[in-house]
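One structure is given below, encoded as structure tokens.
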Amino acid sequence: MTTTLRALPAVFSLGLQRQLAYRWNYFLRATFSALPLLVSWVFWGAVFQGRDTVGNYTLAGILTYYGMMLIVEAVSQPSDDDFQIAIEIREGMLNPILLRPLPYGLYRGALFAAGRCAYLVAAVIPVSLALFFLGRATHLEIGSLNLIHGIPALIGSALLQFSLTLCLSLSAFWLLEVSALIFLIYALEFLAGGHVFPLDLLPSPVFAVVRLLPFAYEYWFPTAALCGNLTEAAWKGGLCLQYGWALFFMVLAHFIWKAGLRRYTAAGG
């Protein structure tokens with residue numbers, strides 16, 4: 001345990017140095033991820049023509065939702081971690097990692113945290129500019145932000161996305177190519193995670209089902225928590241489900257890893 005704790009800061013530092021080498025790639029990625037705000041402004045401006053609210057949202061409220069979504073993505077969205085893990089398994093690059101006194105999950109967790117920190121550094125300018133110009137064009141409800149609810153939900157979102165990514169990537173022990181599975185989950189995250197529209201605009205029976213799925217707690221829940229759109233009871237219940245799903249996928253990843261090692265041939269690397 002002592003050796004593991006000593007190794008984690010070194011892994012994080014090396015991962016951060018490696019990720020910062022791609023800072024311009026992250027900067028451009030963050031810049032282009034902010035462009036859909038313009039589309040959202042035009043689309044929802046047309047939807048709100050002649051009406052003050054849609055569901056529980058005003059135009060300012062729903063644009064604030066999309067603005068906060070950028071922050072959630074910057075903090076918690078994996079950046080190619082899934083494909084890197086699959087490559088390590090497929091090409092035998094696990095060999096030197098298995099010889100180190102560091103659990104693979106913690107090793108990848110430190111690299112994931114390093115990647116998120118590097119992306120945050122690169123995303124600060126484009127995301128801030130996007131929110132600034134959007135705020136000049138229309139009033140954003142920045143004053144209603146709830147950091148007390150939002151920060152634990154952001155951390156839970158990062159844990160959930162990492163654990164789910166780890167489970168998907170470890171399927172490379174059995175599958176030659178995992179990209180189809182990963183893109184399928186990406187599509188589900190996009191539709192059921194609140195990217196297209198806030199999930200609470202769905203009909204009540206559909207929303208009741210969708211909010212039980214893990215995808216809702218990757219993006220919609222932390223964004224709604226940041227925006228202050230959740231009651232205290234809804235926030236506490238959602239937080240329990242979010243961390244419960246994260247724990248479930250972490251335990252599942254542990255068993256997948258153990259089963260996968262029995263199939264691993266250690267060829268190459």
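The values are calculated or read from the model by the stated rules, or taken from the named source; none is laboratory data. What you see is a predicted model, and the numbers here were worked out from it, not measured in a lab. No Cβ is skipped: glycine too gets one built from the backbone with ideal geometry, and neighbour counts run over all protein chains shown.
With respect to ARG90, determine if the residue is surrounded by 14 or more Cβ atoms within 10 Å (Cβ to Cβ), charged (D, E, K, R) and in contact with a Leu (Cβ under 9 Å, 6 or more places away or on another chain).
Values: surrounded by 14 or more Cβ atoms within 10 Å (Cβ to Cβ): yes; charged (D, E, K, R): yes; in contact with a Leu (Cβ under 9 Å, 6 or more places away or on another chain): yes.
When the stated conditions are applied, ARG90 passes them.
Out of segment 1-18, which residues are loosely packed, with under 11 Cβ neighbours inside 10 Å and either at pLDDT below 75 or among the acidic types (Asp, Glu) (or both)? First the steps, then the outcome.
First pass over segment 1-18, keeping only residues loosely packed, with under 11 Cβ neighbours inside 10 Å: 1-3, 5, 9.
MET1, THR2, THR3, LEU5 - these are the residues of segment 1-18 that are loosely packed, with under 11 Cβ neighbours inside 10 Å and either at pLDDT below 75 or among the acidic types (Asp, Glu) (or both).
From the list ALA259, ALA253, which residue is surrounded by 19 or more Cβ atoms within 10 Å (Cβ to Cβ) and not basic (Lys, Arg)?
On the way: ALA259 fails: surrounded by 19 or more Cβ atoms within 10 Å (Cβ to Cβ).
Within the list ALA259, ALA253, the selection yields ALA253.
Residues to consider are SER171, SER79, SER163; find the one that is hydroxyl-bearing (Ser, Thr, Tyr) and under 25 Å from LEU35 (Cα atoms).
Values: SER171 fails: under 25 Å from LEU35 (Cα atoms); SER163 fails: under 25 Å from LEU35 (Cα atoms).
Only one candidate qualifies: SER79.
Is it the case that some residue within segment 205-215 is over 15 Å from the mean Cα position of the chain (by Cα) and farther than 23 Å from ALA187 by Cβ?
No.
Which ones in segment 135-152 are surrounded by 20 or more Cβ atoms within 10 Å (Cβ to Cβ) and over 30 Å from LYS236 (Cβ atoms)?
Answer for segment 135-152, where residues must be surrounded by 20 or more Cβ atoms within 10 Å (Cβ to Cβ) and over 30 Å from LYS236 (Cβ atoms): there is none.
Quick test for you: out of TYR264, TYR217, TYR243, pick the one residue that is of a type in the set (Phe, Trp, Tyr) and surrounded by 20 or more Cβ atoms within 10 Å (Cβ to Cβ).
On the way: TYR264 fails: surrounded by 20 or more Cβ atoms within 10 Å (Cβ to Cβ); TYR243 fails: surrounded by 20 or more Cβ atoms within 10 Å (Cβ to Cβ).
After ruling out the rest, the residue left standing is TYR217.
Within segment 160-176, is even one residue at pLDDT 85 or above, surrounded by fewer than 16 Cβ atoms within 10 Å (Cβ to Cβ), of a type outside the set (Phe, Trp, Tyr) and within 18 Å of TRP220 (Cα to Cα)? Reasoning before the result, please.
We begin by selecting, within segment 160-176, every residue at pLDDT 85 or above; these are 160-175.
In the following step, the residues that additionally are surrounded by fewer than 16 Cβ atoms within 10 Å (Cβ to Cβ) were identified as 174-175.
Now narrow it down to the ones that are of a type outside the set (Phe, Trp, Tyr): 175.
Checking the rest, the ones that are also within 18 Å of TRP220 (Cα to Cα) come to none.
No, segment 160-176 contains no residue that is at pLDDT 85 or above, surrounded by fewer than 16 Cβ atoms within 10 Å (Cβ to Cβ), of a type outside the set (Phe, Trp, Tyr) and within 18 Å of TRP220 (Cα to Cα).
Considering only residues that are part of a loop (DSSP other than H, G, I, E, B) and without any contact (Cβ under 8 Å) to a residue 60 or more places away in the chain, which ones fall in segment 200-235? Quick ask: steps written out before the conclusion?
Start the filter on segment 200-235 by keeping residues that are part of a loop (DSSP other than H, G, I, E, B), which leaves 202-203, 211-213, 218-219, 228-231.
If the condition is that a residue be part of a loop (DSSP other than H, G, I, E, B) and without any contact (Cβ under 8 Å) to a residue 60 or more places away in the chain, then LEU202, PRO203, ARG211, LEU212, LEU213, THR231 are the ones that fit.
Checking the condition modelled with pLDDT under 95 and more than 28 Å from GLY67 (Cα to Cα), which residue from GLY228, GLY260 passes?
The conditions single out GLY260.
Tally up the residues in segment 192-206 that are surrounded by 14 or more Cβ atoms within 10 Å (Cβ to Cβ) and over 16 Å from LEU160 (Cβ atoms), please. First the steps, then the outcome.
So the first thing to find is which residues in segment 192-206 are surrounded by 14 or more Cβ atoms within 10 Å (Cβ to Cβ), and the list is 192-195, 197-202.
Checking the rest, the ones that are also over 16 Å from LEU160 (Cβ atoms) come to 197-198, 200-202.
So the answer is 5.
Counting residues that are free of Cβ contacts under 8 Å to residues at least 60 places away in the same chain and more than 29 Å from ILE256 (Cα to Cα), which helices (runs of 4 or more DSSP H) fully inside segment 80-191 reach at least 3?
Numbers: elements: 81-90, 95-98, 104-137, 147-169.
Output list reads 104-137.
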